[in-house]
Amino acid sequence: MTHHREQLPTDETRRVAEADRSPNESDVVQPRRRRAGEDDAAIQRAVDVARRFAVVRTSLNAGGPGASLEDDFVTVLSALAESVVGEFCRWCVVDVVGSDRPRRLVRDGLGPRRTSDFEDGDATDVLERVPALDDVMNRAAHEARRQRYPMDVTAGLPSCVVAPLLVHDVVVATVALVRDDATPGYGPMEATAVDEMAWGAANTLERLDLRRQTNIAANAAQRVASQLRALITTSISLQMAPGRDVASVVVSRAQSLFDAQSVLLIDDGPPQRVVRADREADRPVNDELVAPLESGESASSSGNWLVASVRDSSGNPRGRLAILRSAPSFDEDVEIVTLLAQTAGTALSASELSEAVRASEARWRVLVDSAPIGIIEVGVDEDVRWWNRAASA
């Protein structure tokens with residue numbers, strides 16, 4: 001898992017925050033030593049907000065990931081905003097790095113906070129409080145470490161603290177916590193608590209993203225396994241199919257295998273023929289598919305089309321297998337359609353060879369049977385197995 005690069009909470013920091021607890025009053029924090037510009041109330045706020053978000057993180061870590069990283073982003077950052085807006089800050093501003101979307105802004109409302117309050121909003125008030133907010137947040141993203149405003153230590157404690165969120169070692173967002181005049185600025189322990197919460201939010205985003213990627217990989221493996229089983233069944237069916245039915249079996253199986261809207265098996269012949277299967281009648285054929293693939297290219301994916309080169313037993317191109325799906329294809333689908341095209345090419349070549357052999361045998365039998373001399377086939381056991389018409393006469 002990724003850890004925050006700068007100013008992460010250390011064991012010493014936590015010991016300072018929770019030191020000198022009364023044996024009977026464990027929830028009351030009494031710091032062992034004071035730090036500049038910080039009192040008991042500030043330390044208590046830091047400990048309380050860190051604990052509050054830690055409880056929320058535990059619930060998020062136990063839950064399932066969203067459909068995308070953006071969904072997880074909204075969920076986790078909404079939870080962070082719920083934890084901090086009110087007692088710990090007046091505004092929570094989240095800026096997505098490299099995104100054209102507007103900032104999401106959380107205000108301190110009069111009523112109870114809800115996750116749905118984490119929405120795009122007007123930043124006029126917070127910008128009046130922190131005019132340099134853009135610069136501070138950009139600097140936090142660029143340097144990947146916590147920033148504050150004002151930076152001048154002689155101006156007192158900062159009213160704004162900005163922390164970056166690093167997911168997989170990349171800054172994906174910055175979070176600014178801003179206080180108004182009613183609350184003193186952020187002391188050292190409170191700033192450290194901001195770091196800890198930012199690191200925790202990023203850690204949760206990583207966990208959810210890895211869990212989602214694992215689910216995607218597992219689903220892909222199951223899908224490929226199912227397709228491979230269907231491919232084996234298709235290969236067996238092609239071996240058993242009569243020569244004239246091979247092309248029809250290929251398109252039928254391909255339509256079922258890929259849940260395709262249309263399947264075209266283009267045999268360049270000569271003469272060229274196209275065998276197709278469509279879920280919708282009179283679906284137009286994409287003219288671009290008529291042209292052969294680039295030299296050496298076995299398959300390609302363009303939009304919702306999968307196209308693979310069909311080759312004969314010698315490896316020479318003889319046509320294409322084109323499949324139209326309702327959804328974009330995965331990388332694994334390109335491999336599967338390549339294998340299906342190879343199977344189709346082998347089956348077509350085998351059926352043609354079988355037809356040629358049968359035709360040759362038929363011609364040989366006609367010649368032998370019409371020969372003017374008697375011809376008899378006798379086995380090693382001297383049993384007569386076959387004779388032509390002249391021998392019979």
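The values are calculated or read from the model by the stated rules, or taken from the named source; none is laboratory data. Note that the structure is a prediction, hence the values are computed from the model and not measured. A quick note on method: Cβ atoms are made from the backbone with ideal geometry, for glycine too, and the neighbour counts reach across all protein chains shown. Note: areas computed on protein heavy atoms with side chains; ligands, DNA, RNA excluded. Shrake-Rupley method; radii C 1.70, N 1.55, O 1.52, S 1.80 Å.
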Item to complete: Take each of the peptides 324-336, 65-77, average the number of other beta-carbon atoms within 10 Å over its residues, and list them starting from the highest.
Response: 65-77, 324-336
Discussion item. Under 8 Å for C-alpha pairs, at least 6 residues apart: give me the relative contact order for segment 148-210, rounded to a whole percent.
Written reply: 32 percent
Worksheet item: Assuming R0 = 25 Å, what is the FRET efficiency of Glu70 and Gln222, from their Cβ-Cβ distance, to the nearest 0.05?
Response: 0.50
Worksheet item: How far apart, in nm, are the 7 Å Cα→Cβ label points at Arg273 and Thr233?
Response: 2.7 nm
Item to complete: Take the Cβ-Cβ distance between Ala62 and His142 as r, set R0 to 35 Å, and report the resulting FRET efficiency rounded to the nearest 0.05.
Response: 0.55
Worksheet item: Computed from the mean reciprocal separation of all distinct C-alpha pairs, what Kirkwood hydrodynamic radius does segment 151-212 have, in Å?
Response: 12.9 Å
Fill in: Cβ-placed point charges (K, R +1; D, E -1), dipole of segment 134-174 about Cα centre in debye, nearest 20
120 debye
Fill in: Potential extension, Ala132-Gln213 segment - 0.36 nm per residue separation minus Cα distance
25.4 nm
Response to the item:
Nearest-0.05 FRET efficiency for Asn316 and Gln261 at R0 = 25 Å, using Cβ-Cβ distance, is 0.25
Worksheet item: In whole percent, how big is the carbon plus sulfur part of the accessible area of segment 339-393, probe 1.4 Å, protein atoms only?
Response: 58 percent
Discussion item. Could you report the accessible area of Trp386 in Å², rounded to 10, computed with a 1.4 Å probe on the protein chains as they sit in the structure?
Written reply: 60 Å²
Fill in: Rounded accessible area per residue of segment 142-253, 1.4 Å, Å²
44 Å²
